[in-house]
Each structure stands twice: as structure tokens, then as C-alpha cells.
Amino acid sequence: MKTILNIIWLVLSGFWLFLGYLVAGLILCVTIIGIPFGLAAFRIGLYALWPFGYTVVDRRDAGAPSCVGNVLWLLLAGWWLALSHIVTGIALCVTIIGIPLGIANFKMVPVSLLPLGKEIVPTDQAMAGSW
């Protein structure tokens, strides 16, 4: 079922969201200071490309630098990436078949707003607590 949802996701919204994260990551990597943010954009972009079967968990070792980094991320790229998830989620929820995909888009808004201090792991590992 995950594979079918991922393929439908890829066709309807995943590829375009991935391109948005790719553009954000490339722009952020232009400066030395933005490289960590660009890498975060690439990481989330891969998650946006193929999200079913993965989940986002909080990192236990994240501290104050993650908080400061999240504020910078929110100002630089987070708000418009989150807006793209919201708009795509609303558009998908208009159709019956798109409702699960729209809900998945809404679940990706928090990680697109504040990605630092979070980790993307397979759902099986998150359930087992072995991340």
C-alpha cells in the first residue's frame, strides 16, 4: 500500500514539492553560512519525494543551536515551503482520491517550517524506538 500511495503522491505533488526543496537548497548553499540549511532542504526534499513509510521524530541531542537555526530557516525558506504544502494539500483534498495525500501534505507543514532538531526515519524504526 505504501508503494501505491508513494507513486500516486509522486505524480500528483511529490515531484513538484521536491523541485521546490531542491531550488531552496541550491539557493541556500550559495553562501557558506547557508550550507547546513541547504542540506536540510535536500533531506526534507527527499522525504517530500517519497514520504509514505517514513516519519519525522525529534532528535534528543538537539539543543539551542537548532532553535536559533529554525528561526533563520523560517525567515529564509520555511514559510514559503510550508505555504506550498498547504496550497497543495487544499488542492488535493478537493478530490476524494486526493484526501489522504492532502492530509500527508498537512503533516509535512511542521517539518517544513522547523526542520532542525528533527530526523526522518523509517516508520518501522520509529515504532520500535530504535532511532
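The values are calculated or read from the model by the stated rules, or taken from the named source; none is laboratory data. Quick caveat, the model's predicted, so the values are computed rather than measured. Counting neighbours? That spans all protein chains shown, and the Cβs are built from the backbone with ideal geometry, glycine included. Surface accessibility is based on the protein's heavy atoms, side chains included, excluding ligands, DNA and RNA. Shrake-Rupley method; radii C 1.70, N 1.55, O 1.52, S 1.80 Å.
Residues in region 93-108 that are open to solvent by less than 20 Å² (accessible area, probe 1.4 Å) and either outside any helix (DSSP H, G or I) or not small (Gly, Ala, Ser) (or both): GLY98, LEU101, ASN105, MET108. For GLY63, indicate whether it is open to solvent by less than 20 Å² (accessible area, probe 1.4 Å) and over 12 Å from the mean Cα position of the chain (by Cα). No, not satisfied. Within region 28-60, the set of residues being in contact (Cβ under 8 Å) with a residue 24 or more places away in the chain, surrounded by fewer than 17 Cβ atoms within 10 Å (Cβ to Cβ) and among the β-branched types (Val, Ile, Thr) comprises VAL57 only.
Being charged (D, E, K, R) and part of a helix (DSSP H, G or I) is a property that ARG43 has.
Give the residue, chosen from SER84, SER66, that is part of a helix (DSSP H, G or I), among the hydroxyl-bearing types (Ser, Thr, Tyr) and within 25 Å of LYS2 (Cα to Cα). Before you say what the answer is, go through the steps one by one.
Numbers: SER66 fails: within 25 Å of LYS2 (Cα to Cα).
Exactly one residue qualifies, and that residue is SER84.
Residue under question is TRP73, and the condition is that it be in contact (Cβ under 8 Å) with a residue 40 or more places away in the chain and either open to solvent by 70 Å² or more (accessible area, probe 1.4 Å) or acidic (Asp, Glu) (or both); does it hold? Considered against the rule, which asks whether it is in contact (Cβ under 8 Å) with a residue 40 or more places away in the chain and either open to solvent by 70 Å² or more (accessible area, probe 1.4 Å) or acidic (Asp, Glu) (or both), TRP73 comes out as no.
Could you please find all residues in region 109-131 being among the hydrophobic types (A, V, I, L, M, F, W, C) and either in contact with a Ser or Thr (Cβ under 6 Å, 6 or more places away or on another chain) or part of a helix (DSSP H, G or I) (or both)? Can you show your working first?
In the first step, residues of region 109-131 are kept if they are among the hydrophobic types (A, V, I, L, M, F, W, C); the result is 109, 111, 113-114, 116, 120-121, 126-128, 131.
Residues satisfying the conditions are VAL109, VAL111, LEU113, LEU116, ALA126, MET127, ALA128.
For SER112, the conditions (1) in contact with a helix residue (DSSP H, G or I) (Cβ under 6 Å, 6 or more places away or on another chain); (2) modelled with pLDDT of 90 or more; (3) open to solvent by 60 Å² or more (accessible area, probe 1.4 Å) all hold with the exception of (3).
Pairs linking a residue in region 90-109 that is touching a residue at least 60 places away in the same chain (Cβ under 8 Å) to a residue that is surrounded by 15 or more Cβ atoms within 10 Å (Cβ to Cβ) and of a type in the set (Phe, Trp, Tyr), with Cβ atoms under 8 Å and 6 or more positions apart or on different chains, are LEU101/TRP9; ALA104/TRP9; ALA104/PHE52; MET108/TYR47.
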